[in-house]
Amino acid sequence: MPRLFGNSHKMLFGLIALILVFFLALIIFFPLVEILQKSVYSSEGKLIYLEHFSLYLSQPNTHTLIGNSLLVSLTTTLIIVPISFIFAYALMRSCIPFKPLFRYLALIPLLAPSLLPAISFVYLFGNQGFLKSWMGENSIYGPWGIILGECFYVFPHVLMIILSALSLSDARLYEAAQSMGAGSIRKFLTITLPSAKYGLISATMVCFTLVITDFGVPKVIGGDFHLLATEIYKQVIGQQNFELGATVGVLLLIPSVITFSVDALLQKKQRSSVGSKFVLYRPKPTRLFDTIMFFFCLGVVLLLLIILGVSLFASFVKFWPYDLSLVLKNYNFDMMDGGGWSSYLNSLQLAIWSALFGTIIVFLTAYVVERSRLWAPLLGLIKLFALLPMAVPGLVLGLGYIFFFNSATNPLHGIYGSLTILILCTIAHFFTTSYMTAMTTIKQIDREFDDVAESMGVPFYKTFFKVTVPIALPSILEIARYYFVNAMTTVSAVVFLYSPQTTLASIAVLNMDDAGDMSAAAAMATLIVATSVGITLLFNAVSYGVSKASQRWRMC
């Protein structure tokens, strides 16, 4: 009887795995194949190999675009990686007060669309900005405006990687160095930096890739300073040149693929640096050092809050900068061009459905990969599809969706322009991070639960719902929160896919800015942040309650 049950379990697992392979191929793999195919075929359907690339790279304007993109990406990386490292070092290596508060405030940019910092800098340093004189003869509409906006956008992403890297330092190494008479600087150079080098390399590459593939900031504040990311938008939306758009999209894939490959290699080496006798380093109070670190963190957090606060304040101003009286007219979105209240409601629907279905699919995928004993190549294929979105910029994925779902030969052609395709694209775009979170959680749950249940003839789905899900509930809620917030703030992945009936709040910010309604754009961006903050606090409260109710066994 147990053998029969075991065979039925394997058949059911196999069926679920096949469904997952088909679904993930549909929302991730096939759209990427389409964009690669589009870049090597002519509009008549003739295979021309690398002719599109050769033609595009031979144009003088292309060299300018590549140079501009590299300049912005490298400059932002050189600015933000050291700042993030010092901030993370202060949180992990000092005894400053308010560490949790600093950490939470530093992550605020994650709750805002990338368009928001660009809008704030326009209000501060633009043609009518309060601080326009600070720019001298320079203009904020160009490389410096893009760099400043990107610094706000990528800071929390880089910070989280470096925080993780610094958490791996072994206290025994510092004790040994101190016993040998090594000073603080020597310990920093010989212990801290070497132990964090993989994280620093990973953070540097992630920062560079996020900037070179970002669309929101340069679209709002770039002016005549064009980048590869905005070139895709211009070719596809402005000129309907899909082949050239696909070509630029493939070029943008290159840094993402390199980053993904290097990061995967570094993660393997980083795991091997932590031994079984690892001792967590705990900093000791040092008055001068702690004071310097405190004011540094305070300065960074204040800058982030000022950037956020400028958009918040501007959203209530009657007429910037001449009449600063506070009004609510900027929130009357139905009277504005580019998107009404319906766009905000569409974003709420997108966020809710993406959080619901995305969490279910992600957790089920991780469970099948980790707990089933299926054919290794099949599980390998699922893993490949699950990790692939990490190497694909949102603009490229969205472009692939156009080619794949807008094809008349595709039976799913009917969902193009609907909310459904936006949900599928959002689930695919943020799949990898959620999948890795679910995998980490499931790996921590002893496989013996499943083995004992199977030996007793208990169907695996009962074990899944009664054991695995309750234990992993805090992580499940975190995945749902991650999907919800990112669905509210995403721009690049959906900018090609919406219709007049499915305009989103983040897209409305873009459209309002194009229409010259900057105050309304700031208001919609502020509303997105407020919603993201509210949902984050709600999920944190629910997660805390769930942890107290369902995780008491951990305290036994």
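Just so you know, all these numbers are worked out from the coordinates, no wet-lab data involved. Just so we're clear, the structure is a prediction, and the values are computed from it rather than from any experiment. Quick reminder, even Gly has a Cβ in these numbers, built from the backbone with ideal geometry, and neighbours come from all protein chains shown.
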Practice task
About the Cα centre of the chain, how large is the charge dipole given +1 on each Lys and Arg Cβ and -1 on each Asp and Glu Cβ? Please answer in debye to the nearest 20.
Solution key: 2260
Fill in the blank from the handout: Placing +1 on each Lys and Arg Cβ and -1 on each Asp and Glu Cβ in the chain, then taking the dipole about the Cα centre, the residue among 79, 405, 64 whose Cα reaches farthest towards the positive end is 79
Handout entry: Mean Cβ neighbour count within 10 Å, used as a protection proxy, ranking 55-61, 389-395 highest first
Key = 389-395, 55-61
Problem - Computed magnitude of the charge dipole of segment 336-549 (debye, nearest 20; Cβ of K, R +1, Cβ of D, E -1) - result: 520
Handout entry: Residue-span extension gain [residue 50 to residue 357] - 0.36 nm each, minus C-alpha spacing
Key = 106.7 nm
Handout entry: Farthest toward positive dipole pole in the chain [+1 Lys/Arg, -1 Asp/Glu at C-beta], among 242, 258, 185
Key = 185
Problem - Segment residue 135-residue 364, extension gain: residue separation times 0.36 nm, minus the distance between their alpha carbons - result: 77.2 nm
Completion exercise
Note on segment 336-549: contact order normalised by length, alpha-carbon pairs under 8 Å, 6 or more apart, percent, works out to 37
Fill in the blank from the handout: Plugging the Cβ-Cβ distance of residue 540 and residue 197 into 1/(1 + (r/R0)^6) at R0 = 30 Å yields, to the nearest 0.05, a FRET efficiency of 0.35
Problem - Long-range amide H partners of residue 318 with built H, under 5 Å - result: 325, 327
Fill in the blank from the handout: Once both label points are put 7 Å beyond Cα along the C-beta direction, the residue 33-residue 322 separation in nm becomes 5.9
Handout entry: Derived scalar couplings ³J(HN,Hα) [segment 213-226; Karplus, 6.51 cos²θ - 1.76 cosθ + 1.60; whole Hz; x for Gly, Pro]
Key = 9, 6, 10, x, 4, x, 5, 7, 10, x, x, 8, 8, 8
Exercise for the section: May I ask you to list the lysines whose Cα is less than 17 Å away from that of residue 284, ignoring any residue fewer than eight positions away on the same chain? Expected result: 99, 187
Problem - Separation in nanometres of the label points that stand 7 Å from Cα toward Cβ, at residue 258 and residue 445 - result: 4.0
Handout entry: Residues whose placed amide H lies under 5 Å from that of residue 48, excluding near-sequence neighbours
Key = 41, 42
Exercise for the section: Before anything else, pin down the relative contact order of the chain: Cα pairs under 8 Å, at least 6 apart, normalised by residue count, whole percent. Expected result: 23
